[in-house]
Structure formats: structure tokens, C-alpha cells
1. Using only helices, what value at 222 nm comes out for the chain when you add -39,500 (n - 2.57) per DSSP H run of length 4 or more and divide by the total residues, to the nearest 500 deg cm²/dmol?
2. If you take the charge dipole of the chain about its Cα centre, with +1 on Lys and Arg Cβ and -1 on Asp and Glu Cβ, which of 220, 180, 314 is farthest toward its positive end?
3. Quick one: what does P(r) look like for region 318-395 with 5 Å bins over all Cα pairs, in whole %?
4. What area, in nm² and to one decimal, does the C-alpha convex hull of region 49-130 cast on average over all directions?
5. With just the Cα atoms defining each centre, how far is region 466-487 from region 1-69? Give it in Å.
6. Using a cut-off of 20 Å between alpha-carbon atoms, which lysines can reach residue 387, once sequence neighbours fewer than 8 places away in the same chain are excluded?
7. Among (i) 177; (ii) 153; (iii) 165, find the value of volume of the Cα convex hull per residue in Å³ that was calculated from the structure presented, and write down its label.
8. Taking neighbour counts of Cβ atoms within 10 Å as a proxy for exposure, in what order, fewest first, do 116, 434, 70 appear?
Amino acid sequence: MVETLSQLFLNTVKAYPKDAFFFYKKGGAYAPISTQDFESMVKSLSLGLKELGFQPGDKLIILSENRPEWVMTDLAVQCAGGISVPVYTSLVPEQVGYIIDDSDAAFVVVSNAEQWAKVKAIKSQIKKVRRFITFAPETPEDVFGLADVMHKGQERAAHNPLIFDKEALAVQPQDVASIIYTSGTTGIPKGVILTHSNFLSNIKTAAELLPFSEKDTVLSFLPLSHVLERMVMFTYLYKGCTIAFAESLETVAENLVEVRPTIMVSVPRVFEKIYSKVLDAVLAGSAVKRHIFFWALKVGREHGRRVLEKEKISRALRMKRKLAHKLVFSKVIEKTGGRIRFFVSGGAPLSKDIAEFFYAMGLYIMEGYGLTETSPAIALNTFEYLKFGTVGKPIPGVQVRIAPDGEILVRGPNVMKGYYKKEAETREVFQGNWFHTGDIGYLDEQGFLVITDRKKDIIVTAGGKNIAPQPIENILKTNTYISNAVVIGDRRRFLSALIVPNFEKLEAFARQNGITAKDTAELVKDKRVRDLVAQEVERATPGLAPYEKIKRIILLDRDFEIEKEEITPTLKVKRNIIEERYKDLIDDLYREDRENKV
């Protein structure tokens with residue numbers, strides 16, 4: 001019976017012996033790590049940490065990109081009875097220092113010289129840290145290399161061969177496994193306390209609802225610092241999947257073709273980009289190619305609709321679907337490696353149109369919903385119960401209730417213990433015995449959960465209309481001329497939007513229309529360009545109510561950036577920061593409207 005992450009590790013290495021359990025990029029090609037080597041490295045690292053003074057209950061920071069050593073360090077900490085504290089590599093030194101200090105971390109592990117530089121910059125301020133470790137072969141002064149730590153562990157094991165299992169099995173389900181700091185879209189990050197039983201409740205349920213197996217190969221590219229990727233990583237281990245690591249977010253398209261995964265977990269932004277690139281390629285093609293593509297898509301949508309509604313599929317439709325696959329869908333599927341059985345999407349709402357688009361092609365996206373505070377899954381679409389435009393049905397064991405104001409309330413074994421050292425904030429989200437998610441939504445007549453927006457993001461116009469901006473933003477982002485969008489309008493007469501255009505499309509439009517611009521800043525100021533995007537905004541939103549319509553737009557000359565704290569490491573927009581950063585432009589837009597009314 002697997003009840004802790006340390007038991008999960010022991011079960012996995014026993015049940016799934018493989019010559020290639022992990023794959024990572026080395027010297028330009030993917031290299032394997034066997035289950036046996038994985039087991040040996042985790043055990044040596046766990047025992048080595050103990051030799052350096054790591055104690056049960058101690059916190060260890062992991063500041064690293066996705067790689068096998070990330071997972072090994074995490075499991076080594078779990079087996080030693082410690083607490084892992086993951087940190088996004090995109091954070092600046094001050095943010096890293098805040099998490100190290102606030103978490104009371106005793107050990108800090110970094111991946112390379114770049115991440116060590118961040119720690120070094122704030123080293124004098126983090127007085128509680130006792131040891132520093134790096135994955136890099138070259139070790140700075142007073143920093144241990146991973147090989148040194150493992151060597152110490154091997155010596156300890158030689159003196160006491162039974163000590164690892166004894167310490168790993170001493171861990172209890174209610175022990176704290178991790179403190180994960182929220183990405184802070186609305187304020188200072190809070191440390192979410194998650195136990196072994198919190199994680200295991202989600203891991204076991206995910207393994208029951210979706211068909212993970214030891215025959216699967218998965219591609220890991222979302223930051224392991226993010227609770228979704230972390231939980232599914234544990235699920236991959238639990239079910240014995242072969243795990244390949246993408247080199248970076250920028251190389252995912254290339255790594256997909258190299259690894260040819262059968263499963264991948266992603267965020268909506270990646271699917272939006274794939275959707276946009278496919279449409280761009282189609283629209284740039286000949287009239288014949290466009291006609292064939294949209295015919296195939298129509299056939300795929302109708303076939304998909306009948307499958308979902310369990311209607312009879314005629315022989316003629318089956319033949320058309322086969323032809324559509326041969327002429328169109330197979331080419332798109334090949335760019336994912338050609339073997340994808342399903343994707344999982346989480347972290348933000350996925351556009352219904354994009355989900356249907358992928359499904360029509362035979363690429364299944366299982367959208368789910370959850371938070372760091374819920375380990376994370378609350379609801380999930382599955383092959384048995386799938387409905388586009390929803391995040392699925394609440395998972396077994398988790399109860400969902402909708403408050404009178406529309407807020408989603410949750411209780412179950414996946415819900416956190418609380419926020420680290422923040423009793424007032426913990427009490428605030430646990431009113432009664434229900435956790436208040438801060439999200440607005442509803443359960444439809446079939447029991448599927450629909451998310452409309454964040455409670456704090458709801459726009460209340462000057463006319464008193466309550467408007468959820470995220471669904472409108474998702475509609476806008478399906479337009480090939482629009483890369484990103486933030487809807488504005490709280491306490492204003494009408495809605496406007498900050499638009500990040502698809503610059504490739506704009507530059508092509510500029511060339512065709514004789515528009516010269518030295519850079520994107522000059523390009524977005526051109527009236528013909530602004531008029532074009534305004535028309536595309538209007539064209540993308542015909543079904544909106546009059547008060548939901550975007551009346552004015554501001555074209556931005558660059559996309560939002562993690563480094564500028566405009567989006568989180570999981571690509572969610574920090575709305576308050578965006579609105580503050582572009583406050584003058586927004587104020588001018590509405591001031592201009594008032595002046596025109598006079």
C-alpha cells in the first residue's frame with residue numbers, strides 16, 4: 001500500500017525495472033538513465049544529505065530547471081523525512097531570497113552557475129541556511145557538488161545497508177512533504193503546506209481517471225516548481241512511465257519530434273500557439289489548400305460531436321474522417337511526434353474553440369482545474385466524461401459547492417494544511433470547513449464544473465454590469481492576429497483591451513500595404529495597423545453582449561514577460577501589475593473618450 005512519497009519511490013523502483021526510465025539531453029542527443037541507476041542515485045543522495053546534517057522536518061530549496069536531478073533531489077528529501085521547497089528559476093535574487101528566508105530553509109540546492117549567482121547575491125541575508133549544493137560539476141567555495149553528497153551517502157550505506165529503507169518507511173502520510181509558494185498573481189507569495197497524503201490522494205485519483213501506464217513515454221517541460229507538473233511527475237513514477245525532459249520551453253516543438261511522447265501536460269498558452277501556427281500556415285497557403293483544410297476540420301468536428309454524444313457514425317462520415325486524417329490531420333499530429341494519446345491542460349482556462357479544434361484532429365486535451373492549495377486537482381475531464389468549455393467533473397473524494405456569490409468552495413483529502421506562518425490568511429480561506437478557491441464558476445446540469453473567472457478579476461462597469469474578463473480574452477486569443485490580451489474596464493463606462501499582436505502577421509500586413517517601420521513600437525502606432533487589429537477584435541467577438549464588447553484597444557509593442565513580473569512562470573497574467581504598468585495609456589484612452597463626448 002503506497003501512502004507516502006517515499007513508499008511511492010520504493011514501490012516504483014521495484015515494480016518498473018527499465019534500461020531507460022529517464023531521458024535527458026546530453027551532447028545533442030537524448031541519453032537514458034536506468035531504473036537501477038535512478039534508485040541508486042536517490043538513495044545515495046538521501047543518505048548523503050543526512051551525513052551533511054539534514055534532519056526530518058528540515059526544508060530544502062530546489063532552484064533548478066527540469067532535469068532528472070530535480071526529481072532525484074525531491075525524492076531524496078522525501079525519503080529523508082524532509083520538506084522540499086521548489087523555486088522558479090525565472091525569479092530574481094530578491095524573490096529567491098524571500099522564499100529561502102520565509103520557508104526557514106536549512107539547505108539550498110541550485111542547478112548551475114546562473115542560479116548560484118542569484119543565491120550568492122543574497123547569501124549574506126539568508127542566515128538560516130546551513131548547506132549549499134550544486135548540480136554543476138564546478139563547485140564554488142563552501143558549496144558541495146552532487147557527486148560529493150552521493151559519495152557520502154554511499155559510505156553511510158556501506159556501514160549500514162538497511163538504514164535507507166528504515167528512514168524512508170518512517171515517514172508518515174500526515175508529514176509535510178512540500179511547501180510550494182504561490183506564483184503571486186495578486187500579491188506576496190504564500191507558502192502552501194502540502195502533506196504526503198495530500199499528494200497521494202491526487203496521484204492515485206489521476207492514475208484511476210486517466211490511462212497512464214508503464215508503456216507510456218511522457219515529455220516534461222512545465223516547471224517542476226509548479227504543482228501541476230510536480231503532481232503528474234509523481235503520477236508518472238507511480239505508474240512506471242518513461243520520462244523525458246525537454247531542454248527548455250523554447251525547444252518543446254523540437255523535443256516533441258525527438259521524444260515522440262504519448263502523453264504531455266501543458267498550459268493553454270502552448271495549445272494557443274500551436275493553434276495559431278496551424279491557422280497561419282493554412283491561411284498562407286493556396287485557395288485549394290485552405291478549402292481542403294476547412295473541409296477536413298468541418299468533417300472532424302462533426303465526427304467528434306457524434307462520438308461525444310454517442311450518436312451513430314455513418315459509413316460515409318467514417319470514410320470522410322479517414323480522408324481528412326490522411327490529407328490534413330496526420331501532418332499536424334506528426335509535429336507532436338505522431339504518438340500522442342492525450343494531452344492534459346491546466347493552470348488557466350482553455351478556450352472551448354481550441355479544445356474542439358484539437359479534438360477534431362484526433363488530439364485529445366483533458367482539461368482540468370485546481371490550485372496549489374489543492375495538490376492541485378479538483379476537477380478533470382476524462383475519456384469517459386468529456387465536455388468542452390468545462391474543466392470536467394469533480395474528481396472522486398473531492399466535494400465542490402458553489403457559494404451564493406458564485407465562488408467555488410472545495411473540501412477533500414487534497415486540500416492543504418494551510419499557509420506557512422500565515423495563520424490569518426489560512427483562516428480567511430477556510431471559512432467553515434470549506435476551502436474558498438477565489439474562483440467563480442458553476443456546476444452545469446450534467447455535473448461538469450465551469451470556471452468563469454477569478455473572483456478578484458471580475459470587472460464591474462460604471463453601469464453596474466459584472467463581467468468576467470478571462471472568457472473574452474480567450475476568445476480574442478483565438479484570432480491569428482492576436483497573441484495576448486488583457487481586458488480592462490473596472491468602474492469604467494465600457495470595456496477596452498490591451499492587445500499584444502502577432503507581430504509576424506502584422507509585419508506581413510505591413511509589407512503588403514507599403515507600411516515602413518523601424519521597429520514594433522513604430523509599427524503598432526500606424527493607424528492602418530491599429531484599424532486592422534480593431535477589425536479583427538470585432539470579427540472575433542460577434543457573440544458577445546453589447547456591454548461585453550471591446551470598444552477601444554491599445555496595441556502593445558511587446559509581449560508580457562516573466563522577468564518584468566507581468567506574467568507568472570506558468571504564463572498567467574498578473575493583471576494588477578499590467579494595469580499599473582500601462583496606467584497612463586489606459587487613462588489616456590478613457591480620457592480621450594470623455595473629451596470626445598463633450
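1. Computed mean residue ellipticity for the chain: -12500 deg cm²/dmol.
2. Value: 314.
3. Taking every Cα pair in region 318-395, the percentages come to 3, 15, 23, 20, 17, 11, 6, 3, 1, 0.
4. Over every viewing direction, the Cα hull of region 49-130 projects on average to 4.8 nm².
5. A separation of 41 Å, based on Cα centres.
6. In chain and number order, the partners are 298, 310, 312, 352.
7. Here volume of the Cα convex hull per residue in Å³ agrees with entry (i).
8. Ordered from fewest to most neighbouring Cβ atoms within 10 Å, 116, 434, 70 come out as 434, 116, 70.
FYI, it's all coordinate maths here, none of it is from the lab. All values derive from a computational prediction rather than experimental measurement. Methodologically, a virtual Cβ is constructed for each residue, glycine included, from the backbone with ideal geometry; neighbour enumeration extends over all protein chains shown.
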